[in-house]
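First up is the structure itself, then whatever we jot down about it.
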Amino acid sequence: MTGWSRRTWQLLAIGIGLSWGVLPRIAVAGEEDDLQRQIDTQKGSVADLERLDELKGVTDEISLLKSWLEEAWNLRAKHEYDQVREVLDRSLKQEDLIRTKIAVSKLRAQVQKREATLQELRAKIALTRKALQVTAAKKKALEGGAP
């Protein structure tokens, strides 16, 4: 061996061995931090969903989402990252469902309000027609009775 002593090779081998032992832990720690950040982000969106749900039409779905995020947190603590990802994917789909249901409930409320207004207008038109018929009959009676 030219220029490299046995001691240098031993130090190099130890350094590589330590790197191989430390790198997976760093990768796992990075993965764990990433999953924790995703969970925290989704927990923050739960508060947004609760605020958007003014009509309280999806409280059960929001409760289910909260329980799934709690499950993801517990799985992350147990270092079961594949299962955490599955729960997070499910949670994202649940968020989409909740947002859709909130939009639908708001649209339904708007439709009901407009239908109520329409019914009021129809009733008002019917009363006006009846009053018009009564007035026309009175007019005809007055014209017929005049000399």
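Some points to look at:
- Remark: relative contact order (the chain) = 21 percent; criterion is Cα-Cα distance under 8 angstrom and separation of 6 or more residues.
- Selection among G144, L65, Q119 by position relative to the dipole of the chain gives G144 as farthest towards the positive end (Cβ unit charges, Cα centre).
- Here's the picture: charge each Lys and Arg Cβ at +1 and each Asp and Glu Cβ at -1 in the range 26-141, and of L132, T100, L55 the one pushed furthest to the positive end of that dipole is L132.
- Summing Lys and Arg as +1 and Asp and Glu as -1 over all other residues whose Cβ lies under 11 Å from the Cβ of D33 gives a net charge of -2.
- Once the C-beta distance of K93 and E32 is scaled by a Förster radius of 30 Å, the resulting FRET efficiency is 0.85 to the nearest 0.05.
- Taken over the range 43-147, lysine pairs spaced eight or more positions apart, or on distinct chains, with alpha carbons under 27 Å apart number 27.
- Estimated FRET transfer efficiency (R129, L107; beta-carbon r; R0 25 Å; 0.05): 0.15
- Accessible surface ranking that places the most exposed of W73, W68, W9 first, with a 1.4 angstrom probe: W9, W73, W68
- About the Cα centre, charge dipole magnitude for the range 18-143 (Lys/Arg +1, Asp/Glu -1 at Cβ), debye: 1780
- Size descriptors for the chain, from the alpha-carbon set: Rg then Dmax equal 35.8, 140 Å.
The values are calculated or read from the model by the stated rules, or taken from the named source; none is laboratory data. What you see is a predicted model, and the numbers here were worked out from it, not measured in a lab. Neighbour counts are summed over all protein chains in view; Cβ atoms, including those assigned to glycine, are modelled from backbone coordinates with ideal geometry. The protein model used for the area step is the full one, side chains on, heavy atoms only, and it has no ligands, DNA or RNA in it. Shrake-Rupley method; radii C 1.70, N 1.55, O 1.52, S 1.80 Å.
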